[in-house]
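The values are calculated or read from the model by the stated rules, or taken from the named source; none is laboratory data. Predicted, not measured: the structure shown is a model, and the values here were computed from it. No Cβ is skipped: glycine too gets one built from the backbone with ideal geometry, and neighbour counts run over all protein chains shown.
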Amino acid sequence: MFALFSPSLAITSPPTCPNCNHIPVLSNPATGGYFDYCSRTCATQAKNSAQNQRNGQPGSLCEQCKRRPKFSNGINAYRYCGRTCAKLAANSPFNQANPPTNPPTNPPPTSPPSTNPPPTNPPPTNPPPTNPPPTNPPPTNPPPANPPPANPPPANPPPANPLVNAPVNPPSLARPAPPQPAASGKTCRSRWCTRPVFIHNDGTPGDYCTMTHKKWGEYGCISCRAGSRSSASVLCQTCYDNELKKAPAIVQVPEDHNNYKSIESQFKQTWKGTACPEVKAIYKVIVAEASMKQYKKYLDGVEAKGNFVAMGKSRGNENRRWHGTTRKCQLGDIGNKTFCADAGCALCCIIKTSFNMAKSNTGLFGRGIYTSATSSKSDGYSKNVGITSVWKAMLLNTVAVGNGKKVTLVDTSLTQPPPGYDSILAERSNDELIVYNDDAVRPSYLVMYKSP
């Protein structure tokens with residue numbers, strides 16, 4: 001039975017895995033014995049190999065181990081299952097399980113000659129005197145003990161790595177060489193990886209060493225770039241827990257990350273009227289845990305009233321909206337993630353303590369928290385005060401829209417939405433979304449862009 005959990009009680013010490021031939025099999029603490037393989041991966045490979053043999057496909061198995069399938073990159077089929085078997089075969093040219101393609105450099109002679117060959121003429125019938133000169137003296141240069149083989153070795157010795165250089169298919173379809181470091185010594189962008197990046201066919205270096213690390217970098221954790229993102233977050237659980245201890249905080253989103261591209265796209269697509277300015281940096285806002293719990297509690301209440309998920313919408317009809325405000329420090333400028341202590345810096349105050357109705361201004365639709373789906377609309381409220389910077393700041397927020405009331409007439413006396421509604425959707429000029437509860441909105445991203 002080809003399964004990881006098939007213990008063998010007769011073994012008293014960990015044997016080597018019969019599939020990979022170099023890792024000990026796992027022990028079974030429940031029985032005191034050992035499993036058949038070192039891992040589920042090897043167990044699965046062994047099972048597949050046995051299935052191929054039963055199906056009459058021996059030619060698809062590695063020529064060295066005879067257990068695992070030959071490696072294939074979709075174009076070429078190679079002689080071995082991996083580099084380990086390829087190296088074993090290269091280092092053991094006389095291995096009968098895997099004879100080399102080309103003869104060895106010094107093959108053993110079929111019938112080695114005697115060290116002292118007989119003379120050309122047979123000895124005389126009568127024995128010669130005690131010390132007479134030989135009738136036929138031996139040749140001046142006797143033949144060597146190991147004469148050269150009948151077939152001289154090839155001009156080009158066999159390749160050092162048969163897996164790469166000995167494909168079954170024609171040489172024109174040979175497997176591409178492994179990644180080589182760029183001229184500048186560029187290494188993989190994945191954190192903690194020091195391998196050279198992949199070099200494309202045109203000679204340009206990529207950003208990662210493999211497709212696996214590329215996926216980690218573009219879709220994984222924005223901080224360590226090596227972990228799987230936790231649910232509803234752009235950080236892995238470990239990095240999120242670490243950042244939460246420092247909250248409130250901001251974490252820069254890498255430019256090549258899918259999350260960066262999504263926010264940059266929303267910024268550009270919702271910019272109207274003039275040429276869209278360049279986005280320079282994007283930061284993820286880490287809100288304090290207690291503050292996020294209050295927001296989620298409010299969001300759950302809105303969902304319970306409106307059942308928006310049943311309508312195919314997000315929970316609580318949650319949406320992302322822009323908000324421009326005043327910045328009186330260098331927060332967000334390249335490399336600066338430190339908050340200032342100025343109570344007049346609205347940007348730092350919002351990120352640190354979220355939005356506050358008590359500090360909000362009265363607008364066309366009363367005293368509330370104003371956001372917009374149009375980035376150019378919010379740009380009109382983004383201002384640098386008392387600082388010199390070519391960059392402006394804008395917040396992208398998560399808002400519990402709930403059941404929004406569409407209005408076109410100005411009403412500066414509003415302090416809450418009409419009964420049965422959770423927000424105001426103003427469509428007078430561009431668009432604005434107004435909520436009247438501190439817990440209805442939380443900052444999510446800080447976007448730095450060039451002043452238009």
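Some notes on this structure:
- Residues of region 314-329 classified as among the small types (Gly, Ala, Ser) and over 36 Å from the mean Cα position of the chain (by Cα), total: 0
- Single residue of region 55-87 satisfying the filter (assigned to a helix (DSSP H, G or I) and surrounded by 19 or more Cβ atoms within 10 Å (Cβ to Cβ)) that is modelled with the highest pLDDT: Ala86
- Selected residue (criterion: nearest to Lys284 (Cα to Cα)) from residues of region 324-370 that are part of a strand (DSSP E or B) and among the β-branched types (Val, Ile, Thr): Thr326
- Taken over region 254-276, the criterion of being within 21 Å of the chain's Cα centre (by Cα) and outside any loop (DSSP other than H, G, I, E, B) is satisfied by Asn258, Asn259, Tyr260, Lys261, Ser262, Ile263.
- Qualifying residue in region 16-39 (condition: assigned to a helix (DSSP H, G or I), closer than 24 Å to Met211 by Cβ and modelled with pLDDT of 70 or more): no
- Of all residues in region 232-251, those that are in contact (Cβ under 8 Å) with a residue 60 or more places away in the chain have Cβ atoms under 8 Å from Cβ atoms of residues that are basic (Lys, Arg) and assigned to a helix (DSSP H, G or I), 6 or more apart or on another chain, in Pro248/Lys352.
- Listed conditions (1) among the charged types (D, E, K, R); (2) farther than 23 Å from Leu347 by Cβ; (3) in a strand (DSSP E or B) are all met by Asp207, apart from (3).
- Subset tally (residues that are within 30 Å of Asn307 (Cβ to Cβ), in contact with a strand residue (DSSP E or B) (Cβ under 6 Å, 6 or more places away or on another chain) and crowded, with 18+ Cβ neighbours inside 10 Å) for region 347-372: 8
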